[in-house]
Amino acid sequence: MNNEIYLDHNATAPVREAVADAMMAALRQTGNASSVHRFGRRQRQLVETARAEVAALLGAPPQNVVFTGGGTEANNLALRGAGRKRIIVSAIEHLSVLQAADGAEIAPVTAAGIVDIDRLAGMMAADGEPALVSVMLANNETGAVQPLDDIAGIVEQAGGILHSDMVQAAGRLPLDRYPMAMATVSAHKIGGPQGIGALVLGRDVPLSPVIRGGGQERGRRAGTENMAGIVGFGVAARLAREQADGNAAMAKMRDRMEARLLRAFPDAVVFGAGAPRLDNTSCVAIPGMRAETQIMALDLAGIAVSAGSACSSGKVTTSHVLQAMGVAADMAQCAIRISFGPGNSDADSDRLIDILRSLRGRTARQDPEAA
Ligand code: PLP
């Protein structure tokens, strides 16, 4: 349907044509990459080509890329496989970090959604063994970009190791300039397929596998390789690296949308507006208009956005990210996330604002108190 508008690229991005083509070709090729015969060797070649592309995205040596079944698994591998007893994670991490690091100490964030560096430094300086610290490069809900260089310095000085979830930053920010020990990336946020990701090691971190079995991925992640997924990921990583400069237009589109939205709804709030943010992401609340209501009205008009984190899809719960930023619960319940991609235009956000305007008009007529 050509009147559908997709504004939920942080949930998943459309698969690129070149990715789909490469995956179809890979599906048509037989062989197990662990086999020594020519069929196996051909598959191995495909895996290693893709590994080199993912490595290049992060500026890491190819042998440091561990393919996993997505970002969630890579985060689990980092936090559970590194064997550190003391773990510190930021309060705004994705649930796959927060849940994998059960019992971790939580580093707070500022009202703009940026990790509080001084508090983190204080935690690192406190007595205790050197910690594994996990801080994402960009937040999936607000887009807030974290000061990873400063954080890396603090962690290094305290003798800890740093993991960064770079799932949302991939394809939107350069990833190859950060000195972290481990980084997580996921194919489906950069135009690759779902169900494939990687943990990329910045240096030689000893890792014990979470998924055990055969010796694939140098003993760090067992299981026959997801060939089509890996091939698609490789192509998506190459395209993300080659096309990482298309973001200025996206920032212009996002800023224009926010300006118009604030003109239409002067009481609306843009979360993290004062922080460095991903160019494509906007998290906004219009007081009195619950997120579910907005999402349903927009969906009826063919427009896709999400409420907070879409990873717990179908269920709208108050965002732990907004909560950590000190946003009041009634405001957080009205927050929607609009995330642009290369296929969007100003007309898309104009249509979104039109729908929200008429929704508020209807709400006001039904319940003058709520408007
Ligand atoms: N980390 C972040 C910041 C995410 O936004 C997501 C997915 O939304 C994940 C991790 C999980 O990645 P995957 O969907 O590949 O398991």
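Hey, can you tell me all the residues within the range 326-342 that are over 12 Å from Ala307 (Cα atoms), under 19 Å from the mean Cα position of the chain (by Cα) and among the small types (Gly, Ala, Ser)? Selection gives Gly341 alone. Restricting the first member to the range 185-214 and to residues that are closer than 17 Å to Arg80 by Cα, and the second to residues that are basic (Lys, Arg), the beta-carbon pairs closer than 7 Å and six or more apart or on different chains are Leu207/Arg220; Pro209/Arg220; Pro209/Arg221; Val210/Arg80; Ile211/Arg221.
Of the listed requirements (1) in contact (Cβ under 8 Å) with a residue 40 or more places away in the chain; (2) within 22 Å of Ser90 (Cα to Cα); (3) hydroxyl-bearing (Ser, Thr, Tyr), Thr224 misses just one: (2).
Working only within the range 66-89, note down all residues that are more than 9 Å from the ligand (Cβ to nearest atom), over 21 Å from His320 (Cα atoms) and surrounded by 23 or more Cβ atoms within 10 Å (Cβ to Cβ).
Val66, Phe67, Leu77, Ala78
Within the range 116-134, the set of residues being within 27 Å of Ser186 (Cβ to Cβ), touching a residue at least 24 places away in the same chain (Cβ under 8 Å) and away from the ligand (no atom under 14 Å from the Cβ) comprises Ile117, Leu120, Ala131, Leu132, Val133.
Which members of the range 90-118 meet the condition of being more than 19 Å from His320 (Cα to Cα) and out of contact with any helix residue (DSSP H, G or I) (no Cβ under 8 Å at 6 or more places or on another chain)?
If we filter the range 90-118 for residues that are more than 19 Å from His320 (Cα to Cα), which is where we start, we get 117-118.
Matches in the range 90-118: Asp118 only.
Could you please find all residues in the range 83-100 being under 20 Å from Ala158 (Cβ atoms) and modelled with pLDDT of 95 or more? Within the range 83-100, Arg86, Ile87, Ile88, Val89, Ser90, Ala91, Glu93, Val97 qualify. If you go through the range 248-272 and keep only what is part of a loop (DSSP other than H, G, I, E, B), among the small types (Gly, Ala, Ser) and either more than 21 Å from Ile114 (Cβ to Cβ) or touching a helix residue (DSSP H, G or I) at 6+ places or on another chain (Cβ under 7 Å) (or both), you end up with just Ala268.
Given the condition among the hydrophobic types (A, V, I, L, M, F, W, C) and closer than 30 Å to Met250 by Cβ, answer yes or no: does some residue in the range 33-51 qualify?
In the first step, residues of the range 33-51 are kept if they are among the hydrophobic types (A, V, I, L, M, F, W, C); the result is 33, 36, 39, 46-47, 50.
Applying the additional criterion that residues be closer than 30 Å to Met250 by Cβ yields 50.
Among the residues of the range 33-51, at least one is among the hydrophobic types (A, V, I, L, M, F, W, C) and closer than 30 Å to Met250 by Cβ, which makes the answer yes.
State yes or no: is Ile211 touching a Phe, Trp or Tyr at 6+ places or on another chain (Cβ under 6 Å), of a type in the set (A, V, I, L, M, F, W, C), within 28 Å of Arg42 (Cβ to Cβ) and modelled with pLDDT of 95 or more? Show your work before the answer.
Values: touching a Phe, Trp or Tyr at 6+ places or on another chain (Cβ under 6 Å): no; of a type in the set (A, V, I, L, M, F, W, C): yes; within 28 Å of Arg42 (Cβ to Cβ): yes; modelled with pLDDT of 95 or more: yes.
In short, no.
May I ask you to verify whether Glu93 is away from the ligand (no atom under 13 Å from the Cβ), under 20 Å from the mean Cα position of the chain (by Cα) and not aliphatic (A, V, I, L, M)?
Working: away from the ligand (no atom under 13 Å from the Cβ): no; under 20 Å from the mean Cα position of the chain (by Cα): yes; not aliphatic (A, V, I, L, M): yes.
Answer is no for this residue.
Within the option set Gln45, Gln63, being over 24 Å from the mean Cα position of the chain (by Cα) and surrounded by fewer than 19 Cβ atoms within 10 Å (Cβ to Cβ) holds for one residue only, Gln45.
Would you say Ala60 is assigned to a loop (DSSP other than H, G, I, E, B) and either away from the ligand (no atom under 16 Å from the Cβ) or at negative phi (or both)? In short, yes.
Take the conditions (1) within 16 Å of the ligand (Cβ to nearest atom); (2) under 19 Å from Tyr6 (Cα atoms); Glu258 misses just one of them, which is (1).
Inspect all residues belonging to the range 219-237 and state whether any of them is at pLDDT below 95 and among the basic types (Lys, Arg). The answer is no; no qualifying residue exists.
When Ala55, Ala33 are screened for being assigned to a helix (DSSP H, G or I) and either touching a residue at least 12 places away in the same chain (Cβ under 8 Å) or buried (at least 21 other Cβ atoms within 10 Å of the Cβ) (or both), only Ala55 passes.
The residue that is surrounded by the most Cβ atoms within 10 Å (Cβ to Cβ), among those in the range 231-257 that are within 23 Å of Pro147 (Cβ to Cβ) and acidic (Asp, Glu), is Asp255.
Candidates are the residues of the range 1-47 that are touching a helix residue (DSSP H, G or I) at 6+ places or on another chain (Cβ under 8 Å) and hydroxyl-bearing (Ser, Thr, Tyr); the one that is nearest to the ligand (Cβ to nearest atom) is Thr12. Give me a count of the residues in the range 178-202 that are closer than 16 Å to Leu77 by Cβ and out of contact with any helix residue (DSSP H, G or I) (no Cβ under 8 Å at 6 or more places or on another chain). Count: 1.
Can you tell me how many residues in the range 147-203 are within 16 Å of the ligand (Cβ to nearest atom), surrounded by 21 or more Cβ atoms within 10 Å (Cβ to Cβ) and part of a loop (DSSP other than H, G, I, E, B)? Matching residues across the range 147-203 total 14.
The values are calculated or read from the model by the stated rules, or taken from the named source; none is laboratory data. All values derive from a computational prediction rather than experimental measurement. Note: ideal-geometry Cβ built from the backbone for every residue, glycine included; neighbour counts use all protein chains shown.
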